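The values are calculated or read from the model by the stated rules, or taken from the named source; none is laboratory data. Remember, predicted model here, so these are calculated numbers, not experimental data. Quick reminder, even Gly has a Cβ in these numbers, built from the backbone with ideal geometry, and neighbours come from all protein chains shown.
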Amino acid sequence: MIYLVTTQRQLFPNLWSNIQVTDIQFSLEYFKDHIDIAVDTETRGFDPHNDELLSLQIGDDKNQFVIDLSSVSISNYKKLLESKELILQNAKFDLRFLYKNNIVPNKVFDTYLAEMVLTTGVINHRRGLDALAYRYCNVNLDKTIRGEIHREGLSSRVIKYAAEDVAYLHEIKRKQEVKILDANLRMALKLDNMFVKSLAYIEYCGIGFDQIKWKIKCEKDINNLSESKIELDQWVKENNSKYVNSQYDLFEEGLQCGINWNSQKQVIPLFKELGINTEVVDKETGKTKDSIDVTVLNLQNDVHPLIDIYIKYSKAHKLTSTFGLNYFKFINKATGRIHTTYKQIIDICDPD
């Protein structure tokens with residue numbers, strides 16, 4: 001049976017016959033003696049600091065409760081969620097939203113992580129909830145509605161969709177545990193189920209970022225880049241006319257250096273002419289190739305004075321491009337911090 005927990009019954013007059021409206025107390029009483037509860041959430045986005053929760057789903061094999069969080073405070077379920085083992089699919093996502101609402105679960109079983117532990121390295125092994133429901137329960141879950149939830153609200157089909165996200169987690173868990181025991185991976189999964197709580201909290205908290213100091217640092221890097229480029233251009237104009245544009249520029253005074261210092265293809269010929277060795281062995285192919293990477297040039301500082309100037313330019317360019325002003329776009333508007341995303345178990349074969 002699917003239950004909708006809401007305090008706005010009048011907004012749901014035409015629910016499907018298999019959906020019944022109930023209250024908070026009934027849902028809490030139902031799970032009072034449960035050891036574990038299947039849990040999921042529906043949200044307006046991926047960021048717990050800027051996107052709100054739409055609903056909380058809790059359930060078991062028999063009954064599922066979809067809690068309308070527009071009318072019911074999730075704090076009513078804090079004690080329940082902190083006292084039971086929670087079965088979740090991709091727990092890291094839901095945990096961040098629970099942390100945002102001051103709910104800190106004690107024990108977690110992640111069906112996604114369990115499948116990762118069992119099948120890491122297996123090519124083309126899907127681990128999404130729809131794949132697990134079909135693999136372990138022989139059920140086809142329709143996920144096409146996922147992108148419409150925030151616009152449609154808690155319609156009958158959305159409530160059914162949300163309820164199904166917790167309806168099969170118990171059975172998936174039971175069957176995964178059999179495989180985990182057979183493969184002697186119980187401790188590995190236990191560790192990952194413990195770690196996901198910490199990893200979710202790390203993502204939720206983010207990293208402090210001093211915007212004033214970073215801006216000062218970026219301005220210094222930009223200045224260093226400009227100065228080193230001027231030095232490079234000036235050396236070329238004074239010492240090698242071959243690389244100087246023969247035509248004047250409407251926007252620059254005098255003849256200009258024709259080398260783009262960010263292009264290895266353009267810089268390598270000049271360095272070769274200056275007697276700088278640019279040949280290195282490619283680690284992947286074993287063949288010789290040209291490179292003007294800083295690690296290559298550092299060994300030849302005494303070959304030509306242009307090397308030191310180019311290394312200075314190259315380092316300044318990396319600081320301004322990779323570690324420059326673009327960092328400001330990663331700052332979360334709500335927290336003023338940068339919130340990283342981590343993958344707990346790396347599997348290059350994972351398509352999900």
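Of all the residues that make up the range 11-25, how many are surrounded by 11 or more Cβ atoms within 10 Å (Cβ to Cβ) and either assigned to a loop (DSSP other than H, G, I, E, B) or among the hydroxyl-bearing types (Ser, Thr, Tyr) (or both)? Of the residues in the range 11-25, 6 are surrounded by 11 or more Cβ atoms within 10 Å (Cβ to Cβ) and either assigned to a loop (DSSP other than H, G, I, E, B) or among the hydroxyl-bearing types (Ser, Thr, Tyr) (or both). Each residue in the range 253-279 was checked for being modelled with pLDDT under 90 and either in a helix (DSSP H, G or I) or surrounded by 11 or more Cβ atoms within 10 Å (Cβ to Cβ) (or both), and 4 pass.
Only one entry in LEU181, LEU129 is in the same structural domain as THR41 (by TED's automatic domain parsing), among the aliphatic types (A, V, I, L, M) and touching a residue at least 24 places away in the same chain (Cβ under 8 Å), namely LEU129.
Yes or no, residue by residue, for (1) more than 30 Å from TYR327 (Cβ to Cβ); (2) touching a Leu at 6+ places or on another chain (Cβ under 7 Å):
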residue	(1), (2)
ASP182	yes, no
ALA200	no, yes
LYS213	no, no
ASP233	no, no
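Could we say that SER55 is modelled with pLDDT of 95 or more and surrounded by 18 or more Cβ atoms within 10 Å (Cβ to Cβ) here? Taking the combined requirement at face value, the residue satisfies it. TYR134 satisfies every condition listed in (1) in contact with a helix residue (DSSP H, G or I) (Cβ under 9 Å, 6 or more places away or on another chain); (2) in a helix (DSSP H, G or I) except (1). Would you check if there is a residue in the range 100-114 being more than 29 Å from ALA334 (Cβ to Cβ), in contact (Cβ under 8 Å) with a residue 40 or more places away in the chain and in a helix (DSSP H, G or I)? Looking through the range 100-114, at least one residue is more than 29 Å from ALA334 (Cβ to Cβ), in contact (Cβ under 8 Å) with a residue 40 or more places away in the chain and in a helix (DSSP H, G or I).
Filter the range 34-89 down to the residues that are of a type in the set (Asp, Glu) and more than 21 Å from the chain's Cα centre (by Cα) and list them by number. Residues satisfying the conditions are ASP36, ASP60, ASP61, ASP68, GLU82, GLU85. Scanning the range 137-149 for residues that are closer than 24 Å to ARG44 by Cα and in a helix (DSSP H, G or I) turns up ARG146, GLY147, GLU148, ILE149. On the stretch given as the range 12-38, residues that are touching a Lys or Arg at 6+ places or on another chain (Cβ under 9 Å) and within 17 Å of LEU56 (Cα to Cα) total 7. Of all residues in the range 157-169, one or more are surrounded by fewer than 17 Cβ atoms within 10 Å (Cβ to Cβ) and more than 30 Å from ALA334 (Cα to Cα).
Does LEU154 satisfy being part of a loop (DSSP other than H, G, I, E, B), more than 22 Å from the chain's Cα centre (by Cα) and in contact (Cβ under 8 Å) with a residue 60 or more places away in the chain? Yes; evaluated as a whole, the condition is true for this residue. Out of LYS179, LYS160, one residue alone is within 30 Å of ASP68 (Cβ to Cβ) and either assigned to a helix (DSSP H, G or I) or at pLDDT 95 or above (or both). It is LYS160.
Restricting the range 287-346 to residues that are basic (Lys, Arg) and assigned to a helix (DSSP H, G or I) leaves a set whose member that is surrounded by the most Cβ atoms within 10 Å (Cβ to Cβ) is LYS312.
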